[in-house]
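Provided herewith is a single structure, encoded as structure tokens, for subsequent inquiry.
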Amino acid sequence: MKRTTVIIAFFLLLAPSAAFGQLAGGASGGPGSIFPGSAEQSAGGFFEVARRFDPPLLEPAQPYAVQQPQAVQQRFFEKQPRAGILQQVYHGATRISADSNSLSLTELDFSATFGFPLPTREAPLLITPAFGLDVLQTSVLDVPNELYDATLEIRTLRPFGDYWTLDLAITPGVFGNTDTSESQFRLQGRAVGIYQWRPDTKAVLGVAYLDRDDYAALPVFGLIWTPTDDWKFDLLFPKPRIALRTYQDDRSAWWAYISGEFGGGSWGMTRAGGAADTVTIRDLRLLFGIERESDGATFRLEGGYVFAREIEYGSGVGDQDLKNGGLVRGVIYY
């Protein structure tokens with residue numbers, strides 16, 4: 001009950017900082033959007049190819065989208081739908097540093113998203129194989145040197161009528177360590193409805209099934225508010241974010257943002273004595289970042305603070321709180 005209260009309080013405290021925005025018309029995609037302002041746009045940063053809650057913002061375009069000719073050349077950058085099957089390739093690296101008597105780790109993430117017009121272009125099928133590797137550094141904890149997860153997300157976005165979009169995904173995966181053959185199969189997924197409440201506001205409600213040892217599922221709820229083309233407020237649990245477009249020209253746009261994340265995961269492992277077990281690492285993250293968005297490569301740099309860190313074992317032997325730490329992250333995707 002205590003850790004649940006901490007998690008909910010963290011996201012509730014971050015979300016109200018959006019309240020100073022001035023209500024106005026207009027809408028835009030925001031950092032990482034592949035299909036800005038579209039009806040098929042997913043509900044913010046939570047719906048991303050992910051082994052955790054810290055992946056790239058992925059808002060898929062319609063596969064085989066046709067670029068419409070323009071009578072007048074665009075003066076400012078606006079990200080265009082990506083034509084063809086390959087929708088996105090993503091590489092990310094995160095470093096969490098803490099005291100030498102605690103746990104530091106490096107997270108490496110790789111994924112590629114493929115889109116198919118099944119059953120239609122307006123309701124595409126998206127397939128995302130992903131691989132994550134965590135390199136752990138500690139002198140006091142019984143953990144493997146490396147943890148990995150290999151997943152395959154199968155996702156569809158289905159519009160219903162003029163106002164509703166349904167975001168459905170199922171993600172089977174294997175979660176284990178490279179030191180031994182111990183691993184676990186986990187089946188994750190989500191079902192979320194997005195309602196176009198008004199031209200600049202979407203309401204989000206659903207559930208994400210995580211199949212983790214600490215949290216089997218989490219609710220997904222909140223609002224996505226784009227009062228102007230330069231502001232985007234993702235007032236969402238479990239991943240809120242506030243983004244400001246600070247600069248744009250005809251080739252790119254720059255964004256600055258603050259966000260919260262619920263990090264960690266559960267993996268199969270072998271203890272030092274040879275017994276099979278599971279390990280769950282959990283934390284909360286407050287991040288500040290910048291992103292340069294373009295039709296080619298988009299990059300993102302982030303820094304922040306990691307707190308409420310815990311490590312738990314399926315056996316219950318060795319559970320403990322971890323010391324807080326700092327985070328830096330670099331991301332590039334195409």
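Quick note: the coordinates plus some simple rules give every number you see, no bench work behind them. Please read all numbers here as calculations on a predicted model, not as lab measurements. Cβ placement follows ideal geometry from the backbone for every residue including glycine, while neighbour counts extend to all protein chains displayed.
Does PRO219 satisfy the condition of being surrounded by fewer than 21 Cβ atoms within 10 Å (Cβ to Cβ), in a strand (DSSP E or B) and under 20 Å from the mean Cα position of the chain (by Cα)? Before you say what the answer is, go through the steps one by one.
Numbers: surrounded by fewer than 21 Cβ atoms within 10 Å (Cβ to Cβ): yes; in a strand (DSSP E or B): yes; under 20 Å from the mean Cα position of the chain (by Cα): yes.
Yes; evaluated as a whole, the condition is true for this residue.
Given the criteria assigned to a loop (DSSP other than H, G, I, E, B) and among the hydrophobic types (A, V, I, L, M, F, W, C), does LEU108 qualify? Talk me through it step by step, then tell me what you get.
Working: assigned to a loop (DSSP other than H, G, I, E, B): no; among the hydrophobic types (A, V, I, L, M, F, W, C): yes.
No.
Quickly run through the range 119-140 and pick out the residues that are part of a loop (DSSP other than H, G, I, E, B) and over 30 Å from TYR163 (Cα atoms). Walk me through it before giving the result.
Keep residues of the range 119-140 that are part of a loop (DSSP other than H, G, I, E, B), which gives 119-124, 138-140.
The answer is THR138, SER139, VAL140.
Looking at the range 193-207 only, could you name the residues that are aliphatic (A, V, I, L, M) and surrounded by fewer than 21 Cβ atoms within 10 Å (Cβ to Cβ)?
To start, the set of residues in the range 193-207 that are aliphatic (A, V, I, L, M) comprises 194, 203-205, 207.
Listed by number, the residues that qualify are ALA203, LEU205, VAL207.
Just one of (1) part of a strand (DSSP E or B); (2) within 30 Å of ILE311 (Cβ to Cβ) trips up VAL143, so point out which.
All conditions pass for VAL143, except number (1).
Right, another one. Which pairs have Cβ atoms under 7 Å, sit 6 or more apart or on different chains, and link a residue in the range 115-127 that is closer than 15 Å to ILE170 by Cα and in contact (Cβ under 8 Å) with a residue 24 or more places away in the chain to one that is in a strand (DSSP E or B) and among the aromatic types (Phe, Trp, Tyr)?
Pairs found: PRO124/PHE116; LEU125/PHE116; ILE127/PHE114.
Among the strands (runs of 3 or more DSSP E) lying completely within the range 231-334, list those that include at least 1 residues that are surrounded by 22 or more Cβ atoms within 10 Å (Cβ to Cβ) and touching a His at 6+ places or on another chain (Cβ under 9 Å).
Values: elements: 231-237, 241-248, 252-270, 276-294, 298-313, 325-333.
Of the strands (runs of 3 or more DSSP E) lying wholly inside the range 231-334, those with at least 1 residues that are surrounded by 22 or more Cβ atoms within 10 Å (Cβ to Cβ) and touching a His at 6+ places or on another chain (Cβ under 9 Å) span 325-333.
Continuing with the same structure: Kindly establish whether PHE288 is over 30 Å from LEU86 (Cβ atoms) and either under 16 Å from the mean Cα position of the chain (by Cα) or among the basic types (Lys, Arg) (or both). Steps first, please.
Numbers: over 30 Å from LEU86 (Cβ atoms): yes; either under 16 Å from the mean Cα position of the chain (by Cα) or among the basic types (Lys, Arg) (or both): yes.
So PHE288 passes the test.
A follow-up question, please. If you scan the range 155-183, which residues turn out to be in contact with a Gly (Cβ under 7 Å, 6 or more places away or on another chain) and over 22 Å from PHE131 (Cβ atoms)?
Hits for the range 155-183 are TRP164, LEU166.
Are any of the residues in the range 195-214 of a type outside the set (A, V, I, L, M), without any contact (Cβ under 8 Å) to a residue 60 or more places away in the chain, more than 26 Å from LEU287 (Cα to Cα) and assigned to a loop (DSSP other than H, G, I, E, B)?
no
So which residues in the range 116-156 are closer than 26 Å to ALA191 by Cα, out of contact with any strand residue (DSSP E or B) (no Cβ under 6 Å at 6 or more places or on another chain) and crowded, with 16+ Cβ neighbours inside 10 Å, if there are any at all?
Hit for the range 116-156 is ARG121, nothing else.
Does the range 157-184 hold any residues that are β-branched (Val, Ile, Thr), within 30 Å of THR120 (Cα to Cα) and surrounded by fewer than 17 Cβ atoms within 10 Å (Cβ to Cβ), and which are they?
Going through the range 157-184, the residues β-branched (Val, Ile, Thr) turn out to be 165, 170-171, 174, 178, 180.
Still in the list and also within 30 Å of THR120 (Cα to Cα): 165, 170-171.
Of everything in the range 157-184, just one residue is β-branched (Val, Ile, Thr), within 30 Å of THR120 (Cα to Cα) and surrounded by fewer than 17 Cβ atoms within 10 Å (Cβ to Cβ), namely ILE170.
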